[in-house]
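Asker: For reference, the structure I am asking about is given below.
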Amino acid sequence: MAAAPATITLRPVPNLLPPAPKKIDRKSEIRNTPKEIFICDEESHFYSQCLEKLVLKRCKGRQTVLEFGTGDGGPVIASLSRSSFQGTVHGFEINEQAAAIASKRAAENGLQNCYQVHNSCFFTAAKNSHANFLVANPPYIPAPNNRIMMPALHGGPDGAGLTRDLMSLGVPNLMLLLSSYSNPVATLKHAQQEGYKALDFMVTAMPFGMYSSESKVKKWIAQMKARSEAFYSDSGYLLAGVLLSRGAVDARSPDQESHDLTDQLLSVLALPSAADSHARLAAHQGETAWLRREGHLRLGACCSLEHPRDPSPQTPHLIGPMAACPSSQAYHATSLRRA
């Protein structure tokens, strides 16, 4: 007997881009230019939401989380302020000025005990750590070399070099931001080779910013697009927050979250018709929706849906004006029919 089809419901997000818990006067606090400290409010807010929904809500007890590339600390501070996380986040930032700002902001928000910022090398610390989670918005700007507006954002020739390095450290659970123009297919295949499954993800549409709009970068990713290593349109690209795990997030529940959503994630990031996808996103610009799938979606030859054994799994969240699916297909918010 065929399983009942899963349902998709549209749940509004009260505030997709929440403000930081304490208002920061950037003019008086941060005197650096965007060439010295990464500044992109939209991306930072999305990273904060991914941290809260994909990591902090899953952490049980006093767990340790490592963060690669703390920046000014805003995303972690915002997510910690909205959660009941009882563990410690150790943030590593090699930019001395950024690390000082992050430490100051953590203290101002009373989070200095659960968010400890280190102005030191992340990879040295990670080798000696027993942390259960690693989180990062790693540099993902692709370019032939690092002579770009902000060299620290260079992710290698395909933009995913540092991301793959993080996947090779052996930390049980990773939450990383992946860009659709930074070779997502090869990157997720590398994650699978390292033994990771994609347990959950969130996706948003992003416009090209000052860093990715640099002429040298745009020309390079255009070449990558011709090789099917980059997926984007003139209006922007897709950015995903992905929870990758080598096992159950909660070791006390080994049967929890045993599915792998890598293929589903790739069907979103590596759309054959990215321009059509972004046209649909742009058409619904201004809407804020949280498309949450209530069943277990498995992409196959006929894009079938099955209920999981667990009646209340942690399921993917497609964040944005509208959620795009493979080959110019889009799931409507209130049903499973294709547009």
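Let's see how each residue does on (1) closer than 19 Å to LEU54 by Cβ; (2) part of a loop (DSSP other than H, G, I, E, B); (3) in contact with a His (Cβ under 8 Å, 6 or more places away or on another chain):
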| site | (1), (2), (3) |
| --- | --- |
| VAL185 | no, no, no |
| HIS190 | no, no, no |
| ASP200 | yes, no, yes |
| PHE208 | no, yes, no |
| SER212 | no, yes, no |
| VAL217 | no, no, no |
| ILE221 | no, no, no |
| MET224 | no, no, no |
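Asker: Can I ask one more? Just the residues that are assigned to a loop (DSSP other than H, G, I, E, B) and either touching a helix residue (DSSP H, G or I) at 6+ places or on another chain (Cβ under 8 Å) or small (Gly, Ala, Ser) (or both), please, taken from the stretch 53-82.
Answerer: The answer is GLY61, GLY69, THR70, GLY71, ASP72, GLY73, ARG82.
Asker: With the requirement that a residue be out of contact with any Asp or Glu (no Cβ under 9 Å at 6 or more places or on another chain), at pLDDT below 95 and surrounded by fewer than 15 Cβ atoms within 10 Å (Cβ to Cβ), what does the stretch 184-214 give you?
Answerer: Passing the criteria: MET210, SER213.
Asker: Out of the residues in the stretch 174-183 that are of a type outside the set (Ser, Thr, Tyr) and in a strand (DSSP E or B), which is surrounded by the fewest Cβ atoms within 10 Å (Cβ to Cβ)? Show your work before the answer.
Answerer: Here is the first cut: in the stretch 174-183, the ones of a type outside the set (Ser, Thr, Tyr) are 174-178, 183.
If we keep only those that are in a strand (DSSP E or B) too, we end up with 174-178.
Details: LEU174: 25, MET175: 28, LEU176: 24, LEU177: 21, LEU178: 27.
Taking the candidates together, the pick is LEU177.
Asker: Continuing with the same structure: Just to be sure I understand, how many residues within the stretch 36-90 are polar (S, T, N, Q) and closer than 23 Å to ASN128 by Cα?
Answerer: Residues meeting the conditions: 5.
Asker: Of the numbered conditions (1) in contact with a strand residue (DSSP E or B) (Cβ under 7 Å, 6 or more places away or on another chain); (2) modelled with pLDDT under 90, LEU265 satisfies every one except a single condition; which is it?
Answerer: It fails just one condition, (2).
Asker: A further question follows. Does ALA160 qualify as being modelled with pLDDT of 95 or more and crowded, with 20+ Cβ neighbours inside 10 Å?
Answerer: On the way: modelled with pLDDT of 95 or more: yes; crowded, with 20+ Cβ neighbours inside 10 Å: yes.
So ALA160 fits the description; yes.
Asker: For a quick check of your reading of the model, give me the residue pairs whose first member lies in the stretch 77-103 and is surrounded by 19 or more Cβ atoms within 10 Å (Cβ to Cβ), whose second is of a type in the set (Lys, Arg) and in a loop (DSSP other than H, G, I, E, B), with beta-carbon atoms closer than 9 Å and at least 6 apart or on different chains.
Answerer: Listed pairs, sorted by first residue: ILE77/LYS22; PHE85/LYS57.
Asker: Still on this structure, please answer the following. Looking at (1) over 24 Å from SER212 (Cβ atoms); (2) crowded, with 20+ Cβ neighbours inside 10 Å; (3) in contact (Cβ under 8 Å) with a residue 40 or more places away in the chain, find the lone condition where SER129 falls short.
Answerer: The one condition SER129 does not meet is (2).
Asker: Among the residues of the stretch 60-87, count how many are more than 16 Å from the chain's Cα centre (by Cα) and of a type in the set (Val, Ile, Thr).
Answerer: 2
Asker: Now for a separate question. Scan the stretch 140-163 and tell me whether some residue there is over 24 Å from SER212 (Cα atoms) and in contact (Cβ under 8 Å) with a residue 12 or more places away in the chain.
Answerer: Looking for residues that are over 24 Å from SER212 (Cα atoms) and in contact (Cβ under 8 Å) with a residue 12 or more places away in the chain, one finds none in the stretch 140-163, hence no.
Asker: Taking the stated definitions as given, is PRO142 in contact with a Gly (Cβ under 8 Å, 6 or more places away or on another chain) and surrounded by 17 or more Cβ atoms within 10 Å (Cβ to Cβ)?
Answerer: Criteria met by PRO142.
Asker: Also, quick follow-up: Could you check the stretch 174-209 and list, in sequence order, the residues that are polar (S, T, N, Q) and either under 22 Å from LYS57 (Cβ atoms) or in contact (Cβ under 8 Å) with a residue 24 or more places away in the chain (or both)?
Answerer: Selection gives SER179, SER180, SER182, ASN183, THR187, GLN192, THR204.
The values are calculated or read from the model by the stated rules, or taken from the named source; none is laboratory data. Remember, it's a predicted structure, so these values are computed and weren't measured experimentally. Using ideal geometry, Cβ is built from the backbone for each residue, glycine included, and neighbour counts are taken over all protein chains shown.
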